[in-house]
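Just below is one structure, and these are the notes that go with it.
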Amino acid sequence: MKPSITSTPLPDIQSTGDLRKVAINKVGVTNVRYPISLRTPGAGQGNEFIHTVASINMFVSLPHDVKGTHMSRFLEVLNEYHNEISSDNLWLVAKRMKEKLESEDAFLELNFPYFINKPAPVTGKTGKLDIDVAFELASGVEDDFIMTLKIPATSLCPCSKEISEYGAHNQRCDMTVKVRTADGVHLWIEDLFNVVEQCASTQVFSVLKRPDEKWVTERAYENPKFVEDIVRDLAVALNEDDRIVWYQCSSENYESIHNHNAYAFIERDKRTE
């Protein structure tokens, strides 16, 4: 039996009042998987795109006197742009969220894998290195944008090298950098990636032939770094980049001879200095 169709309006409980007088900073939907396109530097023109799949969180603020938000409207907004969710129109999506959900603030978060073509250091064999990237957009009285990169690398322990008669223990590490840029300044993912990956003992690659493996091994041995060295070098590099006005940087080193990891973190706001 088909459900009956009635012309009687259905109650809108979300739009009713709330007597507790407690505003909500963020309410919305999380872990929405959606295809996106990201503009790349290309041949210096910025006219090429890479396609990937993002995990998207969408939130708005809720006034103290409104019971609930309309969750379905978040997906309606997303699907208005179903032909192309791209890095070029993310701010349009955020502003449309404010309009559609009648809110003063909208928050759009995207987490996605990004692939960079990376040649091996000696043979030049090219492979795709995957890194984790996140965008955080906040549209309100003031707009805010934070970009996060999580980049794998290699560290080699200076203490192990110093006290051992031969060899030293290596560690894989994840360097994570969150940045805000100056107003009107664009920072490519590739630009930040190139800054960050130079701060470890050596880089990692997706394709390595024997001459490349020899180079990577020897490079790490010649450039030992504690986790403290890595985050300090990250901070120095980010301090010198005038495009960046605020940052958090960290490194987590996955110990190879301990059953724990090593971690260090630095935060700086250049605008307050």
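Rundown of residues vs (1) β-branched (Val, Ile, Thr); (2) modelled with pLDDT of 95 or more; (3) not in a helix (DSSP H, G or I), yes/no style:
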{"position": "Arg232", "(1), (2), (3)": "no, yes, no"}
{"position": "Leu238", "(1), (2), (3)": "no, yes, no"}
{"position": "Tyr247", "(1), (2), (3)": "no, yes, yes"}
{"position": "Phe265", "(1), (2), (3)": "no, yes, yes"}
{"position": "Arg271", "(1), (2), (3)": "no, no, no"}
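Taking the range 147-178 as the range and being in contact (Cβ under 8 Å) with a residue 12 or more places away in the chain, farther than 16 Å from Leu38 by Cβ, among the aliphatic types (A, V, I, L, M) and out of contact with any Leu (no Cβ under 6 Å at 6 or more places or on another chain) as the test, the residues that pass are Ile151, Ala153, Leu156, Met175.
For the structure I just gave you, tell me whether Phe49 is closer than 25 Å to Arg20 by Cα, in contact (Cβ under 8 Å) with a residue 12 or more places away in the chain and among the aromatic types (Phe, Trp, Tyr). Judged against the criteria, Phe49 is not a match.
Residues that are within 15 Å of Ala264 (Cβ to Cβ) and not assigned by TED's automatic domain parsing to the domain that holds Phe115 number at least 1 in the following helices (runs of 4 or more DSSP H) confined to the range 147-228: 158-163, 189-197. All of (1) part of a helix (DSSP H, G or I); (2) crowded, with 16+ Cβ neighbours inside 10 Å hold for Leu92 with one exception: (2). List the number of the failed condition for Thr123; all other conditions in (1) out of contact with any strand residue (DSSP E or B) (no Cβ under 8 Å at 6 or more places or on another chain); (2) of a type in the set (Val, Ile, Thr); (3) assigned to a strand (DSSP E or B) hold. Thr123 satisfies every listed condition except (3). If you go through the range 105-120 and keep only what is assigned to a loop (DSSP other than H, G, I, E, B) and at pLDDT below 95, you end up with nothing. The set of residues in the range 194-233 that are over 21 Å from Tyr263 (Cα atoms) and among the hydroxyl-bearing types (Ser, Thr, Tyr) comprises Ser206, Thr217. Restricting attention to the range 205-252, the residues that are β-branched (Val, Ile, Thr), closer than 12 Å to Thr154 by Cα and either free of Cβ contacts under 8 Å to residues at least 24 places away in the same chain or surrounded by fewer than 19 Cβ atoms within 10 Å (Cβ to Cβ) (or both) total 1.
The values are calculated or read from the model by the stated rules, or taken from the named source; none is laboratory data. All values reported here derive from a predicted model rather than from experimental measurement. Neighbour counts are summed over all protein chains in view; Cβ atoms, including those assigned to glycine, are modelled from backbone coordinates with ideal geometry.
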